[in-house]
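Each value in this text was obtained by applying a stated rule to the coordinates, not by laboratory testing. Values in this document were obtained by computation on a predicted structure and should not be read as measured data. Here Cβ is always computed from backbone atoms with ideal geometry, including for glycine, and neighbour counts include all displayed protein chains.
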Amino acid sequence: MRSDSQFANLRWLIVALLVVALDQFSKLQVTHRLEFGVPKPVFGGFNLTLMHNPGAAFSLFATGDGWQRWLFTGIALVVSLWLLRMLVLAPAGARWLPTSLMLVMGGAIGNLWDRLALGYVIDFIQVCYANWCFPTFNIADSAITVGAVMLVLETFLDSASHSAGARPD
């Protein structure tokens, strides 16, 4: 049986809720303020461009006949449940691990919301250099990326601290 202290990390769910709220609020704003597909320059190399992505990252599988909506919905649900489990199992004093897990979960739920409600994900952040533009993305995608980078860094930092403390044979 788990003690209450093992569920103390559930307070980190606020991070995921904030990501979902910010993501959905921003998507609502751009949907009402931008014309589809027409870049609105903010400053050099940074545009707001309303796009719809029925696929995955970088519009992967965007040309499918609808199966991808349900595949990515299922993946987001499974990943979110796994991240929630990892949050509960994380050490009580950890900060990076729960933050990174909840950034990824919040982003996954933000995009899941779009998929279920609309059948596609709303993207609007466009970064360009010269004549090349990075695929358009959103707040949820940014949270997933930052959370994933934090998880990788946490893994390397944790491995390095264990290696530094280990005694040679």
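Return the sequence-ordered ³J(HN,Hα) values of region 19-33 in whole Hz as given by the Karplus equation 6.51 cos²θ - 1.76 cosθ + 1.60 applied to θ = phi - 60°, using x for Gly and Pro.
4, 4, 4, 5, 4, 5, 4, 5, 5, 4, 5, 5, 4, 8, 10
For Trp70 and Val149 in the same chain, what is the full-extension length gain: residue separation times 0.36 nm, less their Cα-Cα distance, in nm? Don't jump to the answer; show the numbers that get you there.
On the way: separation 79, 0.36 × 79 = 28.44 nm, distance 2.66 nm.
Once the chain is fully extended between Trp70 and Val149, it gains 25.8 nm.
Report the extension gain between Phe46 and Ile14 in nm, rounded to one decimal, defined as 0.36 nm multiplied by the number of residues separating them, less their alpha carbon distance. Don't skip to the answer; put the middle values down first.
On the way: separation 32, 0.36 × 32 = 11.52 nm, distance 2.94 nm.
Once the chain is fully extended between Phe46 and Ile14, it gains 8.6 nm.
Using R₀ = 25 Å, calculate the FRET efficiency as 1/(1 + (r/R₀)^6) where r is the Cβ-Cβ separation of Val78 and Cys133; round to 0.05. Numbers along the way, then the final one.
Numbers: r = 32 Å, r/R0 = 1.27.
Taking R0 as 25 Å, the efficiency between Val78 and Cys133 is 0.20.
Quick one: Karplus J couplings for region 105-110, per residue in order, coefficients 6.51, -1.76, 1.60, θ = phi - 60°, nearest Hz, x for Gly and Pro?
My calculation for region 105-110 gives 5, x, x, 4, 6, x Hz in order.
Within a Cβ distance under 15 Å of Ala143, other residues only, what is the Lys/Arg minus Asp/Glu net charge? Could the numbers behind the result be given before it?
Numbers: positive: Lys27; negative: Asp23, Asp114, Asp123, Asp141.
Overall, the nearby charge balance is -3.
Could you compute the FRET efficiency for Phe25 and Leu116, with r as their C-beta to C-beta distance and R0 at 22 Å, rounded to 0.05? Please report the intermediate quantities before stating the final value.
Numbers: r = 18 Å, r/R0 = 0.80.
Calculated transfer efficiency: 0.80.
May I have the pair-distance distribution P(r) for region 97-144, computed from all Cα-Cα distances with 5 Å bins from 0 and rounded to whole percent?
Histogramming region 97-144 at 5 Å steps yields 5, 22, 22, 20, 15, 11, 5, 1 percent.
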